[in-house]
Structures are given as C-alpha cells and as structure tokens.
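Working notes for the structure below.
The values are calculated or read from the model by the stated rules, or taken from the named source; none is laboratory data. Note that the structure is a prediction, hence the values are computed from the model and not measured. Reconstructed Cβ throughout: ideal geometry from the backbone, glycine too, with neighbour counts over all protein chains shown. Please note that ligands, DNA and RNA were not included when accessible areas were found on the heavy atoms of the full protein model with its side chains. Shrake-Rupley method; radii C 1.70, N 1.55, O 1.52, S 1.80 Å.
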Amino acid sequence: GFKMIEYLIEYVSKLVNVNFLQLGFSEKVVDALVRGSLFIVVLCLSWFTFKIVQGPLNRSLERLSRITNLQWDNVLVEKHVFQRLLNFIPLILIYVLTSPILAGTELLQLSQTLINVLFLIAAMLTVDALLSALLAIYGSSAISKEISITPFVQVLKLGLYFVSGILLLSLLLQKTPLYFLSGLGALTAVLLFVFKDILMGFVAGIQLIANKMVAPKDWIEMPKYGADGDVIEITLTTVKVQNFDNTITTIPTYALINESFKNWRNMNLSGGRRIKRYVNIDLSSIKFCDSEMLERFTKIQLISKDIQDRQAEIKDYNEKNNVDESTFVNGRRLTNIGVFRSYVEAYLMQHPKINNKMTFLIRQLSPRENGLPIEIYVFCKETNWNIYEAVQADIFDHILAVVPEFKLRVFQEPSGSDFQKLSN
C-alpha cells in the first residue's frame, strides 16, 4: 500500500513537474504542492469515510441488534460502543495514507503524533462505553440486586482516565510515561488529600459488598442523614436513597461503615413483616366471669370449644380441692381479660394474612398509668407497605370493636367532652 502511494506521488509529480518548472517553481515547491494536495484529498476521504461509518453503517448495526433476540447487543448500541469502535476506521485510513505522503518531510512526526493522540482518545472513549455497557448488562442480572459493582467500575474508569492522561502527555511531550510517573512520588501526599473521599469510598464499597451490608433496592433507615427509603444507587463516594416522600438523600459511602443504620432487606426475604402494637385495657373493667358471661362467651365460635374445655378443667380442679364457690376469690375462675386474650389469639391464628410459622405472641405487659397493655406481636405475610398497613388496620379495627363484647373497656384519657359532661 505504501509503495503504491509513493508511485502515485512520483507519477503525479512527473505530470505537473514540467508545467510548474516552466513557470519557475523549484522541485521542492512542486513536491510540496503535490504532497499537500494529496494530504487534503486524504483528509476529505477520511471525513467522507467518517460520515459513512457513523451514518449508514452505524444505523445498519443498530437495526441488526434490534432484529436479534439478544439483549446485550441492544445495550452495546445504547451505550454507543459500536459507534465509538467505528471511529477507528477513518483513523486507520488517515494513518495508512498519510505516512507515505509525508514520508521524508518534517511534518511526518507531527502528523503521526496527532493521529496517535486521536487513536488514544478513541480507545479511551470506547473502553469507557464498554465498561458502561458491562455495568448495564450486569444490572439486569439477578445477582446485581445483592452485589453492586458500580464502585469498582468507577474505579476502573478513573484508572482509565489516569492512564490515558499519562499516555497523552507522553505523546505530546515525547517523553516516556515513566518520566511522569516518577514525578508523582513527590505529589503522593497531595493526591491522597485530594482523593481522600474517593479512596475511603472505595474501601467502604469493598466492605459493603463483601459483607452484603447494603444493595440496590434495599430499604434502609439512617436518621442522622434523614434517610428512610430505598437505595437507588451505590457509587464510589455516595449512596443515594429515595425516601418514601420521593426526596433523595445522599449518604457518604464510608458513613455506612463507620455509623449504624437499619436494613430491612431480611424482612422482605423472611416472608413476614412484624406487627407490634398493644391495646390498653381499663383496669377497672377487668373482672371474673359470671355464669351469664360464660354462657354468652360459649356462643363465640372461635373460642367456644376452648371455653368449654377450660370450664371442665376448672370445675374438676375446684371439686378435687373442695373449693367454696360461694365467692369468686376461691379456687380457679375465668376472667374476661383472659377470655379476651384467648379470642385475640384464636382470631389471629386463623387469619389468612398472619404467618403462624414466625413469632406469635399475645401477651400482657406490666400495668401502667394508662391501663393494662395487651400486646399483639405477630408477623404479617405481606411485606408490601400498602397491603401490610391495610391488613394491620383491619386487624385492630376488629379487635377494638370486639373489646366491649367481653365487658372490657379500652383506656382513653379524658377529652373535652368528658369534662363537659362532668360540669353539666
């Protein structure tokens, strides 16, 4: 190829040499005019080639990627990987044609340097696009929900830009890359200070990923930074959290290592979301069950059999111990609060949205100034926030409504209407 171009230059020179020499031009001037004209032709040809590869050829590759059933080629097109690879075609063309045209001239070295710079920039942009495409392809996989590689890709990109910058200076100044690297030793302290957040974020990112402490789409709480929502992005220096009010909180990556935060991921994986609430029962409404109450309670289907069994057990115990049943204090008796707890337990046990395989407690807490707390500590099968809140509300709607059926009262501090009744 080089020989053909050299023959072309010689042939064109011979054609124009006679005419230009007759006009008084020297051979050097004629040679320069020929080479300059050919160089302009090469530039125009390269520009035309650039338009071809970035136009029809690039669009053909895009159509081909849409025809295939593969997803990765669509990502490569979206991240402009093919588009940037095609930039090498006009660069190779201009490199091949320019060398013989400018051979033996002072402009040869300058042109090669500029072309090498363009090659370096094109290679850097291509690798950058390829890394972005690999990150996007990985993001569509299932494992990306547990492990984010965004910080590592960002580190690779920083390394790519750093190396490209060193090579660019090396080409422009005609120095070996080691010359510039040796000069960085004295600037190490300054570089460590400037890139402190990046280095700390990189180390923190490795710890977060290695220990699976946080991943995209995790629900985390970090009150210090006002974060309470889903992780949408983990980068080299920051973690972005979209709060439930749709605001965005940005947390330094290393803060997740140095400070405490709550991750709700396991709640979703466990298949149950905790319901922990209590109903305060007015202490003055707690009493032993009389015959009329027991008769009415046995009509409650959920606890009918349980009450009958308990009555038989209590009757047998009292008879064996010759208990004087003329007063409720003697022997064993059912209480309305105990029957109420049994009902709540039976009601939740048969509830379709309660996970009975997880912790299930209906218990009394210590009496307080606002009554006797009956705590409901169970797990809902639904972890979706909207459905979970609806299930929880339905459960307590029913429990609060059923409390008076057991001759109990829910404790409530006096309101304005209560004082008004007293004054009347």
Handout entry: Per residue value of the accessible surface for the stretch 267-400 (all protein chains in place, 1.4 Å probe), Å²
Key = 58 Å²
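Per residue, what accessible area does the stretch 48-106 have, given a 1.4 Å probe and all protein chains present, in Å²? Please report the intermediate quantities before stating the final value.
Details: 3590 Å² over 59 residues.
Result: 61 Å² of accessible area for each residue.
Where does the charge balance sit around Asp282 when Lys and Arg score +1, Asp and Glu -1, over other residues with C-beta under 13 Å from its C-beta? Numbers along the way, then the final one.
On the way: positive: Lys287, Arg368, Lys407, Arg409; negative: Glu369, Glu413.
Summing Lys and Arg as +1 and Asp and Glu as -1 gives +2.
Too long at a 24 Å Cα-Cα cut-off: which of Lys276/Lys315; Lys79/Lys212; Lys212/Lys353; Lys51/Lys79; Lys196/Lys224?
On the way: Lys276/Lys315 36 Å; Lys79/Lys212 29 Å; Lys212/Lys353 30 Å; Lys51/Lys79 20 Å; Lys196/Lys224 22 Å.
With Cα atoms farther than 24 Å apart: Lys276/Lys315; Lys79/Lys212; Lys212/Lys353.
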Practice task
Pick out, from Ala123, Ala142, Ile94, the residue whose Cα sits farthest towards the positive end of the charge dipole of the stretch 52-154, with +1 on the Cβ of Lys and Arg and -1 on the Cβ of Asp and Glu.
Solution key: Ala142
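What number comes out for the charge environment of Phe261, summing +1 per Lys or Arg and -1 per Asp or Glu over other residues with Cβ under 11 Å away? Let's see the in-between values first.
Values: positive: Lys224, Lys262; negative: Asp218, Glu221, Asp228, Glu259.
So the surrounding residues net to -2.
Give me the percent of accessible area attributable to carbon and sulfur for the stretch 242-294, probe 1.4 angstrom. Write down the numbers at each step before the final one.
On the way: 1390 of 2980 Å².
Here it works out to 47 percent.
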Exercise for the section: With a 1.4 Å probe and all protein chains in place, put Leu125, Leu172 in order of accessible area, largest first. Expected result: Leu172, Leu125
Practice task
Ignoring everything but the protein chains, give the 1.4 Å probe accessible area of Met267 in square angstrom, nearest 10.
Solution key: 20 Å²
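Just subtract the alpha-carbon distance of Ser99 and Tyr138 from 0.36 nm times their residue separation and send over the number in nm, one decimal. Could the numbers behind the result be given before it?
Numbers: separation 39, 0.36 × 39 = 14.04 nm, distance 4.23 nm.
Extra length from Ser99 to Tyr138 when fully extended: 9.8 nm.
Of the heavy-atom accessible surface of the stretch 330-424 (probe 1.4 angstrom), what whole percent is carbon and sulfur? Please list the in-between numbers first.
Values: 2680 of 5440 Å².
Answer for the stretch 330-424: carbon and sulfur cover 49 percent of the accessible area.
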Handout entry: Local net charge near Pro151, Cβ-Cβ under 11 Å (Lys/Arg +1, Asp/Glu -1)
Key = 0
Fill in the blank from the handout: log10 I(q)/I(0) for the stretch 52-117, Debye formula on C-alpha points only (no solvent), q = 0.15, 0.16, 0.18 Å⁻¹, two decimals, reads -0.59, -0.63, -0.70
Fill in the blank from the handout: Taking alpha-carbon centroids only, the stretch 254-280 lies from the stretch 73-136 a number of Å equal to 51 Å
Practice task
For Tyr278, list long-range residues whose amide hydrogen, built 1.01 Å from N in the peptide plane, is under 5 Å from its own amide hydrogen.
Solution key: Ile376
Exercise for the section: Could you pull out every residue, at least 5 positions away or on a different chain, whose amide H is within less than 5 Å of the one on Glu382? Hs are placed 1.01 Å off N in the peptide plane, and Pro or chain starts have none. Expected result: Arg273
Handout entry: Solvent exposure ordering (accessible area, 1.4 Å, most first) of Val81, Val41, Val323
Key = Val41, Val323, Val81
Practice task
Give the long-range amide H neighbours of Val239: residues separated by 5 or more places, or on another chain, with amide H under 5 Å away, using H modelled in the peptide plane at 1.01 Å from N.
Solution key: Ile251, Thr253
